[in-house]
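Colleague: I have a structure I would like to understand better, so I am pasting it below and will then ask my questions one at a time.
Read-outs: derived from the displayed coordinates by stated rules, not from any lab. Please read all numbers here as calculations on a predicted model, not as lab measurements. Neighbour counts run over all protein chains shown; Cβ positions are idealised from the backbone, glycine included.
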Amino acid sequence: MSEAPFCGLRLLVEPGKVMTPRPTTEALVEAAVERIAGRAALVADVGTGSGAVAVAIASRAPQARVWATDTSASAVRLARANVCRHGLGDRVSIVHGDLLKGSPAGLDLVVANLPYLAIGLQADRPELAGEPPEGVFASGDGLGPYRRLVQACQSVLRPDGYLAIQLHGKVVATHASELSSLTLAA
């Protein structure tokens, strides 16, 4: 285990086991914090990995309550360690589960940095060789996890809620009312 900087925080990381947070993901935190604008908010961080996004949001938005999920047991363990390290256990819950499992309904915001690269691109992305493949690559065109998330959000986001995702290094934010028309393409 080692440390890495993210949004001005020092986080525990486990290269090769859990995706290491990258500076480009800091834009997702900025978009989330801007969206909730210091008010009380219920937030879900899907595919939390090290917990970087959840911890950074909770650190910058003291009235936010965050649920962070991941399917990887290693990620859940690491995320819990980072939550404890930053003293956020009273506002950040880490759940071992798929997508929004364990998150409440009535969410104000869902954020995610899920795998979105087609598994067939793995050989073309040597810079990602040290990352766990399941944290970066997905079957088909790679966007299946995001398509499933968009579907799941339709039943848990408040009518005035938002989904914010990181896709190809950019943040895409969509109002809950626009989820059914959101088209994701590789």
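Colleague: If you take the charge dipole of the chain about its Cα centre, with +1 on Lys and Arg Cβ and -1 on Asp and Glu Cβ, which of Pro62, Ala152, Ser50 is farthest toward its positive end?
Modeller: Of the candidates, Pro62 comes out farthest on the positive side.
Colleague: For Ala173 paired with Arg22, estimate the spin-label separation in nm (one decimal), with each label point 7 Å from Cα along the Cα-to-Cβ line.
Modeller: 2.2 nm
Colleague: Here is a further query. Along the principal axes of its C-alpha atoms, what lengths does the chain span, in descending order and rounded to whole Å?
Modeller: Ordered largest first, the chain gives principal extents of 43, 40, 25 Å.
Colleague: Helix check for the chain. Which DSSP H runs span at least 15 Å along their own axis by Cα, with a mean Kyte-Doolittle hydropathy no less than 0.5?
Modeller: 26-36
Colleague: A further question follows. Could you sort 47-54, 2-9, 32-39, 74-81 so that the peptide with the highest average Cβ count within 10 Å comes first and the rest follow in order?
Modeller: Packing proxy ranking, top to bottom: 47-54, 74-81, 32-39, 2-9.
Colleague: Another one. Between Ala105 and Arg158, with labels modelled 7 Å along Cα→Cβ, what's the label distance in nm to one decimal, could you check?
Modeller: It works out to 1.6 nm between the two label points.
Colleague: OK, next. Taking 0.36 nm per intervening residue step and subtracting the Cα-Cα distance, what contour gain separates Asp124 from Ala73 on full extension?
Modeller: The span from Asp124 to Ala73 would gain 15.6 nm if fully extended.
Colleague: Once you keep just the Cα pairs under 8 angstrom separated by 6 or more residues, what percentage relative contact order results for segment 1-118?
Modeller: 27 percent
Colleague: With each run of n ≥ 4 DSSP H residues scored as -39500 (n - 2.57), what mean residue ellipticity at 222 nm is computed for the chain after dividing by its residue count and rounding to the nearest 500 deg cm²/dmol?
Modeller: Helices in the chain give a 222 nm mean residue ellipticity of -7500 deg cm²/dmol.
Colleague: Which of the listed residues, His175, Thr25, Leu11, is farthest toward the dipole's positive end in the chain, when Lys, Arg count +1 and Asp, Glu count -1 at the beta-carbon?
Modeller: Leu11
Colleague: Under a plain spin-label model, where a point goes 7 Å from the Cα along Cα-to-Cβ, how far apart in nm are Glu34 and Leu182?
Modeller: 1.7 nm
Colleague: For segment 68-172, what does the alpha-carbon gyration tensor say about shape, rounded, prolate or oblate, given a ≥ b ≥ c as the root eigenvalues, a/c under 1.5 as rounded, and a/b over b/c as prolate?
Modeller: Here segment 68-172 falls in the oblate category.
Colleague: Need one word for segment 17-85: rounded, prolate or oblate. Basis is the Cα gyration tensor (sqrt eigenvalues a ≥ b ≥ c); a/c below 1.5 gives rounded, then a/b vs b/c decides. Please list the in-between numbers first.
Modeller: Working: a/c = 2.11, a/b = 1.57, b/c = 1.34.
Taking the square roots of the gyration eigenvalues as a ≥ b ≥ c, segment 17-85 is prolate.
Colleague: Placing +1 at every Lys and Arg Cβ and -1 at every Asp and Glu Cβ, with all other atoms neutral, what dipole size does segment 2-181 have around its Cα centre, in debye to the nearest 20?
Modeller: Roughly 400 debye for segment 2-181.
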